[in-house]
Structures are given as structure tokens and as C-alpha cells.
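Structure, as C-alpha cells:
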Amino acid sequence: MTSVDTAGLPPAERFDFWQDLVARQSSTATIRSAYADDFTASARVVDLGTLRLGVWRYPSLEFTRPAHMIDSTDPELYQLALPLSGRGVVTQQRREGPLEKSAFALVDTVRPHGSRLRPDDGTPGAVETLTVLVPHRALPLAPQRLAELCAAEIPARTGMGALLAAFLRRIVTHPEQYAAGDAPHLDRIALDLIAGTLAGRLDVARDLPVDTRITALRARVTAFVRQHLTDPTLTPAAVAAAHHLSLRSLHRLFEGTGTTVGGLIRAGRLERAARDLSDPRLRRLGVAQIGRRCGFAHPAHFSRAFRAAHGLSPGEHRERAARG
């Protein structure tokens with residue numbers, strides 16, 4: 001992970017530094033901003049191997065990559081961008097699409113393109129964008145089909161796009177939660193989610209490699225489990241039924257992952273319970289109430305499972321957290 005902040009530089013040097021950073025991390029471009037004289041911006045870049053993720057925070061700006069800046073030796077990359085705050089437009093291939101928090105925008109970096117971004121309310125301030133750079137060769141989709149998506153809206157709040165957005169945001173927001181050795185695994189998952197999101201937008205998901213489709217389905221199941229942890233009736237059978245799978249097929253889906261659907265449910269509930277027990281705002285709730293709100297129907301079962309996972313009872317965990 002690399003983090004930079006122009007606040008540590010003299011104001012006169014900040015904008016040139018930012019342009020150089022964008023060129024090194026993405027591609028050369030012409031960047032214009034009304035705040036070039038005192039450009040306060042920051043970036044966090046996480047390199048997973050094949051993919052490079054970034055969160056960029058900056059004032060309003062206009063980005064243009066014309067044909068004369070594109071060289072045959074430039075790396076062939078796609079860039080997916082998701083505004084986290086702010087709004088604007090992106091252009092490529094005579095198409096103009098919106099840059100909104102509800103959708104990803106795709107551009108091909110070796111074709112001319114441009115974008116404009118400003119704060120949501122139009123007043124001076126910063127915008128924030130999540131980006132991911134993907135080599136052309138890494139996507140199992142025909143380039144001519146992907147060209148149809150350049151500057152088009154790719155939903156980020158429903159379906160595969162929502163899973164992708166949540167996964168990428170978690171990595172770039174909390175990279176400290178992962179070890180360096182996790183990068184290849186995260187890289188593979190992110191790439192499969194990207195392929196699934198783009199294929200779904202093109203309605204060609206059935207043409208993806210089997211491994212990619214399996215990863216995407218596993219991600220959907222995992223997200224479903226996390227969303228329904230508080231439901232005491234959530235069981236592997238219920239998860240299988242919700243995804244139109246047999247119980248055997250669901251178990252096979254997680255073979256080789258080191259966990260099971262039952263394990264996901266249990267671990268998710270225990271993680272939530274540990275967090276709630278440590279929250280001083282929830283001290284008014286009894287231990288059994290915490291267990292119920294985390295999906296454990298029976299206090300005795302909750303206590304046994306919590307002790308097995310954490311080595312102490314829920315009440316002891318709460319008291320230890322209270323002592324700091």
C-alpha cells in the first residue's frame with residue numbers, strides 16, 4: 001500500500017506532484033483544476049498483483065487523455081471508477097455517461113477519454129473516487145463487447161456490482177486487516193467479481209469460465225449470509241433454497257475454501273456479538289439479548305459457542321472490554 005498527501009508539500013509544488021502521481025499510477029493526462037495554485041489532495045493505492053486499487057481525494061478537476069498522449073508502449077488497461085462523493089461525467093468513444101455514486105464507469109486507458117468531477121453540492125470542497133486498474137488480458141471477455149461499456153453506467157448498488165463495490169471498498173478502507181500473503185487471493189476474487197459484473201451488464205455471464213462463475217456465486221452466497229445473520233432461521237438449507245441450489249451443491253461450492261456455510265453463519269454471528277458486547281452504547285442490553293440480536297435463539301448455545309471461539313464467556317468478554 002502507498003499513501004500520499006499533498007498537504008506536506010509547499011502549495012506551489014502540489015499540483016505538479018499530483019499530475020506526476022496520476023501518470024505513474026494510472027496514465028499520463030492533462031489535468032486542469034480551479035484549485036491548481038493550492039491543490040490539497042490525497043491518495044491511497046493498494047497493489048494486489050494483477051489489479052491496482054486506489055482511493056483518490058481531490059478538489060474539482062477536469063481530466064483529459066487525448067490521442068497524442070497515448071503511446072503504443074503504454075500498458076493496456078481498463079479503469080473502473082466509482083465516485084464515493086461528488087459527481088460528474090465521463091466521455092469515451094463519442095459517448096458521455098454520468099459519474100455518480102450509484103454506478104461504476106469503465107474506460108479503456110489506451111483510447112482517448114476524459115472526465116469532470118465536482119462536489120455534490122457544487123461548492124468548494126473535495127471529491128473522492130475509488131478506482132481499479134485491470135489489464136486487458138486479465139478479463140475473459142471479448143474487447144469488442146467491453147467497448148460497449150465504456151462510459152456507460154454499470155450499477156454498483158444492485159447485483160454483482162454491489163458485491164464488487166463492497167469488496168473493493170473494504171480492501172482500500174482497511175488494508176491493515178490483510179497480510180501481504182493475502183494479496184493473490186484478494187486479487188483473484190476481485191478479478192472474478194469484476195468479470196462477473198461486466199458480463200452481467202452485457203448479459204453474457206454464461207460465457208465466463210467456470211471458475212469465475214463459481215467465485216461470483218460464492219461471493220453472492222457470502223453476502224447473503226452477512227445480510228441475514230440476525231435471522232435465527234438462517235441455516236445452510238435456507239441459504240441453499242434462497243439461491244435455488246441443493247444443499248449438496250451449496251456444500252460443494254465451499255469445498256477447498258477452509259470453511260462451510262454453517263461456519264460462515266456461526267463466525268459472522270460471533271463476530272457481531274463480540275462487537276456488540278464491546279460497545280458501551282449497548283450496555284443496557286443483557287448478554288442473552290445481545291445473543292438474540294445476533295441470531296442466537298438460545299442463550300446456552302450462544303454462551304457455549306462464544307466461549308469455544310474466544311476462550312471466555314460473553315459476560316467476561318464484555319467486562320474485559322469495559323476495563324479497556
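Which of the GluC sites (Glu not before Pro) across segment 1-109 are loop residues per DSSP, with 10 or fewer other Cβ within 10 Å?
Passing sites in segment 1-109 do not exist.
Using a Förster radius of 56 Å, what is the FRET efficiency between GLN289 and VAL210 based on their Cβ-Cβ separation? Nearest 0.05, please.
0.80
Using only the Cα atoms of segment 106-187, build the gyration tensor, take square roots of its eigenvalues as a ≥ b ≥ c, and label the shape rounded, prolate or oblate: rounded if a/c is under 1.5, else prolate if a/b is larger than b/c, else oblate.
oblate
Among 317-324, 169-176, how do they line up by average Cβ neighbours within 10 Å per residue, starting with the highest?
Packing proxy ranking, top to bottom: 169-176, 317-324.
Of the options ILE214, THR230, PRO140, report the single residue whose Cα projects farthest towards the positive end of the charge dipole of the chain (beta-carbon charges: Lys, Arg +1; Asp, Glu -1).
The residue sitting farthest along the positive end of the dipole is THR230.
Run lengths n ≥ 4 of DSSP H only: what is the helix-derived mean residue ellipticity at 222 nm for the chain, with -39500 (n - 2.57) per run over all residues, to the nearest 500?
Dividing the helical sum by the residues of the chain leaves -12500 deg cm²/dmol.
Could you rank the peptides 251-260, 138-147, 306-315 by their average count of other C-beta atoms within 10 Å per residue, with the highest value first?
Going by the mean number of other Cβ atoms within 10 Å, highest first, we get 306-315, 138-147, 251-260.
Is segment 271-324 rounded, prolate or oblate when judged by the Cα gyration tensor, a ≥ b ≥ c being the square roots of its eigenvalues, rounded requiring a/c under 1.5 and prolate requiring a/b larger than b/c?
Verdict is oblate for segment 271-324.
Among (i) 18.7, 56; (ii) 35.5, 122; (iii) 22.7, 70, which one is Rg and Dmax of the Cα atoms in Å computed from these coordinates?
Among (i) 18.7, 56; (ii) 35.5, 122; (iii) 22.7, 70, the one calculated here is (iii).
From the Cα gyration tensor of segment 170-271, with a ≥ b ≥ c the square roots of its eigenvalues, which class applies: rounded if a/c is under 1.5, or else prolate if a/b is larger than b/c, or else oblate?
oblate
For GLU271 and GLU255 in the same chain, what is the full-extension length gain: residue separation times 0.36 nm, less their Cα-Cα distance, in nm?
Between GLU271 and GLU255, full extension yields 3.5 nm more.
Tell me the carbon and sulfur percent of the accessible area for segment 183-324, rounded to whole percent, probe radius 1.4 Å.
52
What full-extension length gain, to one decimal in nm, is calculated for ALA23 and ASP203 as 0.36 nm per residue of separation minus the Cα-Cα distance?
61.4 nm
Dipole of segment 112-228, Cα-centred, from +1 at each Lys and Arg C-beta and -1 at each Asp and Glu C-beta, to the nearest 20 debye?
240
Where in segment 68-127 are there trypsin sites (Lys or Arg not before Pro) that are in a DSSP coil and have at most 10 other Cβ atoms within 10 angstrom of their Cβ?
Taking segment 68-127 and a limit of 10 other Cβ atoms within 10 Å, the loop trypsin sites (Lys or Arg not before Pro) found are ARG94.
Note down the relative contact order for the chain as a percent, whole number, built from C-alpha pairs under 8 angstrom at least six residues apart.
Over the chain, the number comes to 12 percent.
The values are calculated or read from the model by the stated rules, or taken from the named source; none is laboratory data. Worth saying up front: this structure is predicted, and the values here are computed from it rather than measured. All Cβ positions, glycine included, derive from the backbone under ideal geometry; neighbour counts span all protein chains shown. Calculation scope for accessible area: heavy atoms of the full protein, side chains included, ligands and nucleic acids excluded. Shrake-Rupley method; radii C 1.70, N 1.55, O 1.52, S 1.80 Å.
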